[in-house]
1. Going by the structure shown, is THR357 part of a helix (DSSP H, G or I) and polar (S, T, N, Q)?
2. Please go through the stretch 287-310 and pick out each residue that is under 32 Å from the mean Cα position of the chain (by Cα), of a type in the set (Gly, Ala, Ser) and modelled with pLDDT of 95 or more.
3. Step by step: first the residues of the stretch 100-121, then only those that are in a loop (DSSP other than H, G, I, E, B) and touching a residue at least 60 places away in the same chain (Cβ under 8 Å), then the one that is surrounded by the fewest Cβ atoms within 10 Å (Cβ to Cβ). Which residue is that?
4. Of the residues that sit in the stretch 209-231 and are assigned to a strand (DSSP E or B) and in contact with a Phe, Trp or Tyr (Cβ under 6 Å, 6 or more places away or on another chain), which one is nearest to ILE312 (Cα to Cα)?
5. When the residues of the stretch 133-183 are narrowed to those that are under 30 Å from ALA242 (Cα atoms) and without any contact (Cβ under 8 Å) to a residue 40 or more places away in the chain, which ends up surrounded by the most Cβ atoms within 10 Å (Cβ to Cβ)?
6. Might you check whether a residue that is under 30 Å from HIS340 (Cβ atoms), part of a loop (DSSP other than H, G, I, E, B) and not polar (S, T, N, Q) occurs anywhere in the stretch 42-63?
7. Could you look through the stretch 316-340, keep only residues that are in contact with a helix residue (DSSP H, G or I) (Cβ under 9 Å, 6 or more places away or on another chain) and outside any helix (DSSP H, G or I), and pick out the one that is surrounded by the fewest Cβ atoms within 10 Å (Cβ to Cβ)?
8. Out of the stretch 384-403, which residues are touching a strand residue (DSSP E or B) at 6+ places or on another chain (Cβ under 9 Å), buried (at least 16 other Cβ atoms within 10 Å of the Cβ) and within 23 Å of CYS427 (Cβ to Cβ)?
Amino acid sequence: MTGIIQKLHAIVGDKGLLTGDAVTSRTGNLWTGEALNAKAMVRPASTAEVSAVLACCNDAKQPVVPAGGLTGLVEGQQASAGEILLSLERMNTIEDMNETDRTMTVQGGAILEIVQQKAEAAGLMFPLDLGARASCTIGGNIATNAGGVRVVRYGMMRNLVLGLEAVLADGTVLDGMSGLIKNNTGYDLKHLFVGSEGTLGVVTRAVLRLHEALPGVGTAFLSVPTWDAVVALLRFFDSHVAGGVIAYEVMWRDYFELNTGDTSDVKSPFNDSVEFYVIVEIPLQDPEAGAHELEELLGTAMEDELIVDGIIPKSEQERQKLWEIRESFEPEKRRFDETHGFDVSLSTAIMNDYVETVRRNLADTAPQAKLFTMGHIGDNNIHFSVSDVAKEDMGPVNDIIYGPLKKIHGSVSAEHGIGLEKKSYLCISRTDEELKMMRGIKRLFDPNNILNPGKIFDL
């Protein structure tokens, strides 16, 4: 051990430092299976150790890549052979639960699913929910401003963080752990770290906002004939359900048929094929009476020709099986050697027109490509998956998907972030003035550019 590695070992000890095969034997990306590639992985056990590690690296101008659960989709946690990975996997404690204030204090390495379960045990809920819940960390969720299926009711991660502690590049610890809903005392610095992708500091602790657990949830899986009906149906449920829907997930026919086809473990629950499929979840104050109310709502929606058919699961097992159609990526992985994910945001009013434009242009430019589409819709977010195109040939595909967004004021990233993958397209969604300001903030917080350098933008 020499140089910076020896100094880091002195800070975190044997348990806190991995090198060589102990690093490269680990998977660096949950989705691709690629191995980690870094000079070392540092695993501090406390905020004090994080501070000392960053101060040491800053003095040496050693680049550091903060890593959460390594579930990101935009190469935001990708490290090179000359960089240090900083993982908070040993800082995974739930420190406090305040049931009166409905808050939870956690360390940055806490796993999302564990946080959800802890809240549920107290009759509360932490509403952030996404497919990688069993692996992703709260620190990573904060760094990427994670969204998921309940954003339409509860908001993004930004709406669920009341306070946080962050360590800057030079080791300075910013303590913003007040956890108050209302704290109008100047600049709210925590929001700078939410969505910063580890470029401004490392979030070591956070105070999370919890909500009361719902007495019951009503779920329906619906077949919908037209895009106009998809949009009208969302407004229909929102106008008939107190507090609005919990989730409203839309699958275009291509996505639905892939996830109920030959490579899927789940088959279509419907006899007839339509253009769109929707999973809607609504709160039920009285589960028994509410189930009848949901049936009546579906009957009205059918009379209004908003839906063709609908299924209400009779058990939690049935519900999970229906959700598998929306959440499973296994059918695509089994069928195709290489797939590429996109998440974009734009006005719901023009969303299907945009999807059809992408579909036509893709057919002209890359006719071998397979396009699959689904989205949250109620929060302006859709996801594309493109298969049968090699990574080195994705340039024209990226242009087809991202290019139209500038004119229609869309976003190249709804919830996954920018990382390395999207930084050349950031100018589509941000003005030159905004980018100049972002770079200025980065230089202020990290003058030596050691924290996740090259991610989001170049200095």
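1. Here the answer is yes, as THR357 does meet what is asked.
2. Listed by number, the residues that qualify are ALA301, GLY310.
3. Ranking the qualifying residues of the stretch 100-121, first place goes to ASP101.
4. SER223
5. Among them, the one singled out is MET157.
6. Within the stretch 42-63 (the criterion being under 30 Å from HIS340 (Cβ atoms), part of a loop (DSSP other than H, G, I, E, B) and not polar (S, T, N, Q)), the answer is yes, since at least one residue qualifies.
7. My answer is GLU338.
8. PHE384, VAL386, MET394, VAL397, ASN398, ILE401, TYR402
The values are calculated or read from the model by the stated rules, or taken from the named source; none is laboratory data. Just so it is clear, the structure is predicted and the values come from calculations on it, not from any experiment. Virtual Cβ from ideal backbone geometry, glycine too; neighbours counted across all protein chains shown.
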